Amino acid sequence: MSRNARMGLYMLGIVVWMGILGLIAYEAGSLAAHSFIGTGVNASLQKWQGLYKPLVFIMASISALITVFWCALTEWGFSVQSPWGVGKRTVWSLMGAALAVLSFVVPYVYVMQKSALIMSPIIPVIFLLLFVLAGYWISTIFATSAAYKYTPLFSSQIRRRKGGKN
Amino acid sequence: MRKKMHSLLVLLMVLMGLIISGCGDEKISVIEIPKEVGQSETVEQSAPIVDIYWDATESMRGYTALQTGLYRTLPDNLGEIASSMGETHFFRFGEAVTPMEGRSYRSFSSPDAYTELVTSFGRVIDEANADHLSIVVTDLFESDADWSNVTQKLREKYFAKHLGVAVIGVKNPFQGDIYDVGVNAAKFSWDSGNETAKFRPFYLFIMGPEQDIKDFLQRWQEHFAGDAGVVEMQYAVFLENLGAEQTSFPDLQVTDSKNLYSNESLEIKDKRVREFGYDSSSNETGLTVTCKYRPMNGACLANMQKLEKVMQVFALDEESGEWKKVDAGQDAPQIEVGPVDGEGNYNATLTFVPDQAISMGHVNFIHARLAPEPRSLKLPPWVKDWNMANIDLDPNAFDGSKTANLQHILESLRDTMLSAAQPALVNINLVINAR
């Protein structure tokens, strides 16, 4: 399999993985919502889920986009003499940090548009755990191109333990 | 490597399938209110059919003798109000009930229409359709024996089926004879002239679905708003809903809750019922609603210090579709009532622990009701003033401006309602899906 084909497969895997994380975020958010949506006539769990679902879709898409972008950079964007002026890990960290910030910002911006969605701080925390840690971080450990495979934090420990070759 | 990737993709697909199937629609069936609690209101009400039964006995003739008063124009006015509600039919009754064709009911403005000798209110109730709004125009002269027969029929046909009864009393000029008064069936003459203090009451006896009765009363009051202060009118209402407003969902405001959230996992069309879910089955769960006691004009008055707390829990047997009673003993849900403020507002709090109070694994229906204690429900004060109690003991005490045994008649109506129906100040109906 060529390097490009393999990277294409990795990217597909990232999208599928983010989709699964999206479903988990939907279920986890729904479960958490039991404790904060209350008993208002217009705030049933089902109505809340109807508004929450697009938010999860947006966050999963952003997360997938950033992760795929990182992988694309490592495969086709970076060169040894990087014009970026910073190390690759810094770029990786900045992208992760941006995603972490978006995990908090996007839900609250979304609530400003859809005021009927009752928001709790637990929702950004769920997004942070799922889309940043389980999504971006884990995905980049396994899907970063071989040239920069140890750039994501703790990647060297995990990928070496798996056999070290890849 | 390729084999590993392939297996991983298959695993991911299976996982996704499992998660998606877990998000499936849980709707099983339409949830209806248990029969023991009340009648379901699942469909939008269509226009009612109004049946008007006119007492055509000779005792009624005196209301038409003088040119003044509301009675002479009542056929037209009543026809107008009833027609504005829905299809209207007129009947005349004495011993038998006879339908009237076209606009022949207008003859009730004339003394010639009153030719019947015997009043049989019981026959009217026999022939009335409980789904219709039935209005009986009468002077309420019935013997005790006749009346106990009437209340028995009302119990079976109306109160036991969660339907209601209302009475409108109207004082009208009267000149004529009144027959069959008291146990001795005495005959009296009465001439009120134009002295309002001597005007004689007649009554509209309204029976049928509560909402139709309320609608009729509102239209009646609006129609005769111009006569307020000129014509003396009084009301006595015998409906299950004693509080008039904020007595059940969706009017009840939930002001506080613990361990509960609004849920719509089941299809419930009856707006008086709300579905909730619980966060933890072992935690104390509570719901506080703000209620308002503002009895409608003519309603029997409840003593807020003497309230009975009724609590019923049912679990849905999905095979038969029937509700089965759940007896949780001491762990059954509890309802507490807070103090009533000057405007009639008070809080009612329902508390329970789900895994002790309801049937886990089933859809549960919790019905909490605040009802007046037996004999604590008071009739409107006008009833005493319009009542003539001692006519059998002293014929000289006859007063044509009053109605013999009115108090007894309305008290028996109230007691029948209390025993057969479920009058309540508040009905809290919750569905909890614990499947």
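The values are calculated or read from the model by the stated rules, or taken from the named source; none is laboratory data. Here the structure is a predicted model, which means the values were calculated and not measured. Here the Cβ positions follow ideal geometry from the backbone for every residue, glycine too, while neighbour counts run over all protein chains shown.
Go through (1) exposed (fewer than 14 other Cβ atoms within 10 Å of the Cβ); (2) touching a strand residue (DSSP E or B) at 6+ places or on another chain (Cβ under 9 Å) and name the single condition residue A:1 misses.
Status for residue A:1: all satisfied but (2).
Which residues, counting only those in the range A:2-21, are of a type outside the set (Ser, Thr, Tyr), more than 7 Å from chain B (Cβ to nearest Cβ) and without any contact (Cβ under 8 Å) to a residue 60 or more places away in the chain?
A:5, A:6, A:8, A:12, A:15
Return only the number of the condition from (1) closer than 19 Å to residue B:417 by Cβ; (2) more than 31 Å from the chain's Cα centre (by Cα) that residue B:189 does not satisfy.
(1)
Select from the range B:211-261 the residues that are more than 14 Å from every other protein chain (Cβ to nearest Cβ), touching a Lys or Arg at 6+ places or on another chain (Cβ under 9 Å) and surrounded by 16 or more Cβ atoms within 10 Å (Cβ to Cβ) and list them in ascending order.
B:231, B:232, B:233, B:234, B:236, B:237, B:238, B:239, B:241, B:243, B:244, B:247
Can you tell me which residues in the range B:262-283 are in a loop (DSSP other than H, G, I, E, B) and more than 8 Å from chain A (Cβ to nearest Cβ)?
Listed by number, the residues that qualify are B:266, B:269, B:270, B:271, B:272, B:280, B:281, B:282, B:283.
Condition first: at pLDDT 90 or above and within 27 Å of residue B:149 (Cα to Cα). Now tell me which residues in the range B:413-435 satisfy that.
B:413, B:414, B:415, B:416, B:417
With the condition kept exactly as written, say whether any residue in the range A:53-74 is within 12 Å of chain B (Cβ to nearest Cβ) and closer than 25 Å to residue B:264 by Cβ.
yes
How many residues, within the range B:194-210, are surrounded by fewer than 17 Cβ atoms within 10 Å (Cβ to Cβ), in contact (Cβ under 8 Å) with a residue 24 or more places away in the chain and in a loop (DSSP other than H, G, I, E, B)?
1
Check whether at least one residue in the range B:248-259 is touching a Leu at 6+ places or on another chain (Cβ under 7 Å), over 15 Å from residue B:350 (Cα atoms) and not assigned by TED's automatic domain parsing to the domain that holds residue B:412, and report yes or no.
Among the residues of the range B:248-259, not one is touching a Leu at 6+ places or on another chain (Cβ under 7 Å), over 15 Å from residue B:350 (Cα atoms) and not assigned by TED's automatic domain parsing to the domain that holds residue B:412, which makes the answer no.
Would you check which residues across the range B:88-139 are over 19 Å from residue B:49 (Cα atoms) and of a type in the set (Lys, Arg) and list them?
Those that are over 19 Å from residue B:49 (Cα atoms) and of a type in the set (Lys, Arg): B:106, B:123.
If we keep just the residues of the range B:287-318 that are within 14 Å of chain A (Cβ to nearest Cβ) and of a type outside the set (Ser, Thr, Tyr), which is farthest from residue B:433 (Cα to Cα)?
Checking each candidate, the answer is B:289.
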